[in-house]
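Reading through the structure tokens given below for one structure.
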Amino acid sequence: MANMRNIATPVKDPDLVRMRRDQIVQAATKLFAEKGFHGTTTREIARESGLGTGTLYEYVSSKEDILYLVCDMIHSQVEEKLHSVPVTGSRADEVLPVVLAGFFRVMDELQELVLLIYQETKSLPPEYMHYVLRREEEISSYFAKILRTGIEDGSFSISPEVVSLMAHNITVLGQMWAFRRWSLHRNYSLEAFTETQTSLFMRELCADANAGFLGRTQIHENVQ
């Protein structure tokens, strides 16, 4: 896991720091979702969290610190729920559909938080942004590991060179359920969305390797 950037605090009790920051994060998450990062003040966050403004600043130095903690909390929830999906089967082509269904359920459950992190991440300073993006990469890396296993056990007929791209595709497919919900939710239930996306994705993974490679090569040549 990416190393979290340390936020300085004069408070020496780590349990108290953790508890107070949890209060601040929960309050900020609610307010950022309602009013946006720029529309929310630290005074409002302090009030919502039940702390005085001065006390809040004992645990964070800025509103950007709070956004950073919120983003980290959201990524942690996504990863925890994703890794807790019960996986059955020994081959990757048995495992991946289960993981996809679980990931889409996580995106559905946390869709408000997923929207929040992508709407407000741009407000982070560069040093925080780099950490948050690394957390995002870790989610895609989980899918990449399954894809590589599928190549090794013969489940998937894709080139190793496209594993990273396809892992990112999976991440985006899940996020799509939150980002495009204004349209998708009118036409698809979560179950129908999951079944359709899984079918399309597995079809590509299990297609003839040579045909897929030649097709990608032709596209690349045409672009050049």
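Every number here is computed from the coordinates shown, using simple stated rules; none is lab data. In this text, all values refer to a predicted model and were calculated from it rather than measured experimentally. Using ideal geometry, Cβ is built from the backbone for each residue, glycine included, and neighbour counts are taken over all protein chains shown.
Per-residue 3J(HN,Hα) values for the range 47-54, derived from phi via the Karplus relation 6.51 cos²θ - 1.76 cosθ + 1.60 with θ = phi - 60°, read 4, 5, 8, x, 10, x, 4, x Hz in sequence order (x marks Gly and Pro). Stretching E161 away from W182 to a fully extended chain increases their span by 4.1 nm, per 0.36 nm per residue minus the current alpha-carbon distance. Estimated from the Cβ-Cβ distance and a Förster radius of 35 angstrom, the FRET efficiency linking E94 and A33 is about 0.40. For the range 188-205, 3J(HN,Hα) computed residue by residue from phi via the Karplus equation (6.51, -1.76, 1.60; θ = phi - 60°) reads 9, 7, 4, 5, 5, 4, 4, 4, 5, 5, 5, 4, 5, 5, 5, 4, 5, 5 Hz, glycine and proline entered as x.
Normalised radius of gyration (Cα atoms, divided by 2.2 N^0.38 Å) for the chain: 1.20. Counting only residues at least eight positions apart within a chain, or on another chain, the aspartates and glutamates with an alpha carbon under 12 Å from that of K35 are E44, E120.
Residue-normalised convex hull volume from the C-alpha trace of the range 101-199: 108 Å³ per residue. The slack in the chain from R43 to V85, taken as 0.36 nm per residue of separation less the alpha-carbon distance, amounts to 11.2 nm.
Separation of the range 78-92 from the range 95-110 is 9 Å, based on Cα centroids. The residues F104, F156, when put in order of fewest to most other Cβ atoms within 10 Å, stand as F104, F156.
Note on the range 67-145: Rg/Rh from Cα positions, Kirkwood definition for Rh, rounded to two decimals, is 1.03. Applied to the range 105-118, the Karplus parametrisation 6.51 cos²θ - 1.76 cosθ + 1.60 on θ = phi - 60° returns per-residue 3J(HN,Hα) values of 5, 4, 5, 5, 5, 10, 4, 5, 6, 4, 4, 4, 5, 7 Hz, with x for Gly and Pro.
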